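What follows is a short report on a single structure.
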Amino acid sequence: MQRPHSQMPEASSHLGGSLLGALLISACTGNPRTEPACDVVIISIDTVRADALTFEDRKVSPHLCDLAERGVIFDQAIAGSSWTLPSHAELFTGLPPILHGVHDDGRRIDPLHATLGERLGALGMHTAGVFSGWFLAGAYGFGRGFDSYRCALTDEPAADQALANALDAGGTEALWARDMRGFASHLDVSSDRVVELAEQAILEAPDDQRLALFVHFFDPHHDFIPPSPFDTHFDPEYEGEMTGEGYWNNPSIFDPTLDSGRIVSDRDLQHLRALYQGEIAWVDDRIGDLMATLEAAGRMENTLFIVLSDHGEEFFEHGNRGHRQTLYDEVLRVPLLVVPPRSSKSETGPLHSTRQVALCDLLPTIMDYVGSPAPEGCWGRTLRPLVEGRDRPARAVVSHLGLGAAHGSRAPLRILESYRSEEYKLIRRLQWGADPLGPQLEAIEWFDLTADPGEEVPIQSGERAQIAETWAVAEAEFEALRRFAAQLPHSPVDELTTDVTRIFMHELAGLGYGGNELDAPEPENRWPVRPGPALPLPPVLPR
Ligand SMILES: [Zn+2]
């Protein structure tokens, strides 16, 4: 018997009582009677750093290399944060994290901010989404506006077994849900199910309706456990003991009690990189099947394709592993491929754009191609001129990361903010004290990206003038963001806070499990929604 995979979209419940929201969405989405000009396929591959997927290395991604020959590869695509939830909220709203405010596990997308599904659905497109990492859950707002938004997370036999084990051990469904969160984040291998559900969505789309398909793959996120033959694809000679299972807590990789932290040898780290690369190759293999289904359905030619990742992954470039800890380029710079509709294979290979672009540019790009240029309420700008070989002015990217306090904890909040031009990057760490004090500056780093692309040499004492100059232009950008934020509608923070375990159980309820509401109170949420006040550069630079 098949369990229902489909999730009801969240749109109606979120928007039901909000006249302002409805007005905003109506204003943002344009005239719903305009016939959309093309199909749209958006493929998000989680946790892929730019150098791990170039779209030109056939050993890694033969299917995406084929696709790239019709499109433009963006060499400087920058995410607005270094983890899944805020980066995907950026993709879905056209707003960088500093503006959409989805900064921690318990915050959902503001219902007053129109999303991808709502905007494309309002144009009359058939909208379908498939996701496989639980930060993409419909309850965070990602399902809004979709005709179907399916969860490919956690295969049913594994979930059945885990639930039986939990109940046998005297546990509860809530505890089981927490265990399954860990399983789904690390050990689940889901790309086959993603493609199966995406193919189902393609076949369901009415022939006479334009399709907008969002597909999210999670497998390159740790643990690094690619299926055969991808487990030996990039390091066949390896004879050591290291595996990618239990990566995050493996004491032979990293010991958080040590100053240096790192334990893993160069050779074993090389093997872990090979396993990570194997995960990306495995996802490309699955994308090959997805492309064949699109071709058979006649949905390949007049289709805008966007392939991206939400953030990268650190392999000890700055002393740590994983992501969601820093704003260096290994976690912010991501692969991005845009293939315009009706494009043909280039004689000279894929085209490249070296302009810096942001993930919040993708929603305006999509709206431009379907025939609804310049959508309101977006900070991002269309990439169409760059795709068509025209230039556009360089634009800085501001990224944001909340640090140091678990959701609901009373520990001081810390926030990292980066300002990245095409030439340099400023990173500052703030402590968010009691309200009257506002943010306190704790540290600054400044990098010359041309001379030091690895961001290895931070502030030099002689560079103060240069830092002051960057600080001034960065503050001007922050001021522009504050002005933009003041124009955006914002729901009260209380209405945006949600319990993470409840979200996960809601998602599993779509698989036929659980669905019990928990008794736990909603956690306190103190993350600021809007950009903070202006900060002067202090006379002595904090290190
Ligand atoms: Zn992610």
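The values are calculated or read from the model by the stated rules, or taken from the named source; none is laboratory data. Computed from a prediction, not measured in an experiment: that's the story for all the values here. Positions of Cβ are generated from backbone atoms using ideal geometry, with glycine treated the same way; all protein chains shown enter the neighbour counts. Accessible surface is based on the protein model in full, side chains and every heavy atom, while ligands, DNA and RNA are left aside. Shrake-Rupley method; radii C 1.70, N 1.55, O 1.52, S 1.80 Å.
Across segment 324-360, the number of residues qualifying as basic (Lys, Arg) and under 18 Å from Pro385 (Cβ atoms) comes to 2. Across segment 256-270, not a single residue is classified as away from the ligand (no atom under 16 Å from the Cβ) and under 23 Å from Ser191 (Cα atoms). Would you say Leu153 is within 16 Å of the ligand (Cβ to nearest atom), open to solvent by less than 10 Å² (accessible area, probe 1.4 Å) and over 30 Å from Gly389 (Cβ atoms)? Yes, satisfied. Among the candidates Arg119, Arg107, single out the residue that is buried (at least 24 other Cβ atoms within 10 Å of the Cβ), touching a Cys at 6+ places or on another chain (Cβ under 7 Å) and among the basic types (Lys, Arg). On inspection, the qualifying residue turns out to be Arg119.
Filtering segment 249-301 to residues that are hydroxyl-bearing (Ser, Thr, Tyr), under 28 Å from Glu330 (Cβ atoms), in contact (Cβ under 8 Å) with a residue 24 or more places away in the chain and open to solvent by 20 Å² or more (accessible area, probe 1.4 Å) leaves only Ser260.
For (1) open to solvent by 40 Å² or more (accessible area, probe 1.4 Å); (2) modelled with pLDDT under 95; (3) of a type in the set (S, T, N, Q); (4) outside any helix (DSSP H, G or I), each residue gets a yes or a no:
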residue: Thr348; (1), (2), (3), (4): yes, yes, yes, yes
residue: Met367; (1), (2), (3), (4): no, no, no, no
residue: Ser372; (1), (2), (3), (4): no, yes, yes, yes
residue: Val398; (1), (2), (3), (4): no, no, no, yes
residue: Leu401; (1), (2), (3), (4): no, yes, no, yes
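Residues in segment 312-328 that are at pLDDT 95 or above and charged (D, E, K, R): Glu313, Glu314, Glu317. Tyr276 satisfies every condition listed in (1) hydroxyl-bearing (Ser, Thr, Tyr); (2) more than 16 Å from the ligand (Cβ to nearest atom); (3) closer than 21 Å to Cys65 by Cβ; (4) out of contact with any Pro (no Cβ under 6 Å at 6 or more places or on another chain) except (2). Residues that are touching a helix residue (DSSP H, G or I) at 6+ places or on another chain (Cβ under 9 Å), open to solvent by less than 40 Å² (accessible area, probe 1.4 Å) and free of Cβ contacts under 8 Å to residues at least 24 places away in the same chain within segment 156-182 comprise Ala162, Ala166, Gly171, listed in sequence order. Filtering segment 56-81 to residues that are open to solvent by less than 10 Å² (accessible area, probe 1.4 Å) and assigned to a strand (DSSP E or B) leaves Val72, Ile73, Phe74, Ala77, Ile78.
Number of residues in segment 318-346 that are in a loop (DSSP other than H, G, I, E, B) and either closer than 23 Å to Val215 by Cα or not charged (D, E, K, R) (or both) equals 16. Among the residues of segment 85-105, at least one is within 16 Å of the ligand (Cβ to nearest atom), farther than 23 Å from Leu383 by Cβ and not in a loop (DSSP other than H, G, I, E, B).
Any chance segment 302-317 includes a residue that's in a loop (DSSP other than H, G, I, E, B), of a type in the set (Ser, Thr, Tyr) and open to solvent by less than 10 Å² (accessible area, probe 1.4 Å)? Scanning segment 302-317, I find at least one residue that is in a loop (DSSP other than H, G, I, E, B), of a type in the set (Ser, Thr, Tyr) and open to solvent by less than 10 Å² (accessible area, probe 1.4 Å), so the answer is yes.
Somewhere in segment 31-49, is a residue surrounded by fewer than 24 Cβ atoms within 10 Å (Cβ to Cβ), within 16 Å of the ligand (Cβ to nearest atom) and either within 17 Å of Arg324 (Cα to Cα) or of a type in the set (Ser, Thr, Tyr) (or both)? No; the residues of segment 31-49 include none that is surrounded by fewer than 24 Cβ atoms within 10 Å (Cβ to Cβ), within 16 Å of the ligand (Cβ to nearest atom) and either within 17 Å of Arg324 (Cα to Cα) or of a type in the set (Ser, Thr, Tyr) (or both). Among the residues making up segment 203-224, those that are aliphatic (A, V, I, L, M), surrounded by 21 or more Cβ atoms within 10 Å (Cβ to Cβ) and more than 16 Å from the ligand (Cβ to nearest atom) are Ala205, Leu211, Ala212, Leu213.
For segment 312-328, a tally of residues being out of contact with any helix residue (DSSP H, G or I) (no Cβ under 8 Å at 6 or more places or on another chain) and more than 14 Å from the ligand (Cβ to nearest atom) returns 6.
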